[in-house]
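In what follows, a structure is listed as structure tokens, so that the remarks can point back to it.
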Amino acid sequence: MSSPHDPTDRPADDPTDEALQRRVADALGARAALTTTTLEPGALGERLARVHAGAADGTGGSGPAAATAVVELAGAEDDDASPRRWRPRLVVAAVASVAAAAVIVAAVLSTLHDGSSAPAPAATAQPSPSPSYPGEEWSGFYGLAHAQWPSDLEGVAPLGDDVVEGSVRMIAQLGRVKYWAGLTSDGGVCWKVLGPGADEGGCAPEAALAEPVEISDGSVAPRVWLVPADAPDAETEPLTAAGVVPYVHGVWVEASASTPPLDRYAQLRAAPTAADERAAGFEYAGINAIVPGSLRLLHEGEEGAFVVGALPLGEFCFFHLVPGVSGSTCQSPQQLAGEGTTVSIEDQESNDLATAWLVPDDLDTSGWPALGRRQLAQNLWYERKPIPAYTPEPVRSLTPEEEQALREQQDELVQQASASGRPAPEVTGLSEAEATWVLDRYHIPVTEVTVRDAGSASSGMVVKATPGTDQVVPEGAGVHLFIAR
């Protein structure tokens, strides 16, 4: 991966560049949340150049990782250690008791938070017909625990009547191949894979949800697995060996097949403009390892400046800048088109809420104007509306079981709050040098590097990191990187 354009190549007296540079520097400072001073674009550019120079001559990263001993692993994994493959068949069963307990805790916290008088779901062995929050039935797979998006609804008909309509989620889209999963009324899980030359599906019992579930074995479509939260290394190690890597929480995909879907967005397919070149020159890539050449300034107006760039495994980083305020988020294309992302407004005293969506060309947005959304540019929609007034309702009494669940949750939160450390950033899909740099910006060292066989993953790619994304790295500890041979 080469560095984006050098910001020193542009005239120093360009006032537009200077203004944009200041705002981008603010954005990087807010995004990193790592230093007490604003990040300087020039310094980031120099740093990125040194990192890529090191990667080019094979020296790897700098700092602690440079002196880290590299371990090489070889050989195939024992077949007995491989996660069980659930072949296509329709079997229905109950949802795992662990998931049911999580539902109770989430319901109690939600009730106490919003003052709702709605009863919490009972600890039954079936998905709650009235979940306390959207996507609650997928609580064991965090990346799917959200309200349904348009891409999810596309899978309702292909999955058929065996699944609960509201539980259907698109778990991935790799190229033109789409993957959906849904839960049956009795707790089973079913899936469907559709695309050019691909039409497969199956179902598995409740027991499957406690361990990785194979959605596609790679014979007709790229490999995809559902992986429950906190799955032990013994269950995910065979996936890593096969080149299957984390995509979003709960979903692992074949690394060689997961690439940025730039061809689905008119603005991203088009050749870079002068404005895009300026945005690339200010080193957004310094924090998020943006794919060179993918940055686009989608729109600049009274709503602010909107910039998007792609990550190596297919997610997008979305940047928004208004005078005095900046922010960013890195999410899957499905989330940015479905839920959108909250963005800042210039008037800090306003009680309004603004949301932006990154929309692919083929998404039907004909009904969006009626929802109060407006199109700012190709692939970019925006909405600003007042935050609804909040009227508290009486809080009902908790059952003994709910009180116990709440106490356990409170104990866990206290333990988490007392533990010092930093959440690990996303580095899967990057090179060792890029991952080292990203971790360095979060003040997290690389303490060990293991070079290993990883299926079809590109040589030199980070296929796994421990602790993983968003997991806490204890103070004084570091991250173990696994690099594809």
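Nothing in this text is a laboratory measurement; each read-out follows from the coordinates by a stated rule. For clarity, every value in this text was computed on a predicted model and none was experimentally measured. FYI the Cβ positions are ideal-geometry reconstructions off the backbone, even for glycines, and counts take in every protein chain you see.
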When you count, for each residue, the other Cβ atoms within 10 Å and take the mean per peptide, how do 471-483, 211-223 rank with the highest first?
211-223, 471-483
Over all Cα pairs of region 163-298, how is the pair count split among 10 Å bins, expressed in % and running from 0 up to the last occupied bin?
11, 33, 29, 19, 8, 1
Under the Karplus relation 6.51 cos²θ - 1.76 cosθ + 1.60, θ = phi - 60°, what is the ordered set of whole-Hz ³J(HN,Hα) values for region 343-352, x standing for Gly and Pro?
10, 7, 10, 5, 7, 5, 8, 6, 9, 8
Fraction of antiparallel bridges per DSSP, region 399-484 only, in percent to nearest 5:
55 percent
Please sort 351-359, 460-468 by packing, taking for each peptide the average over its residues of neighbouring beta carbons within 10 angstrom, highest first.
460-468, 351-359
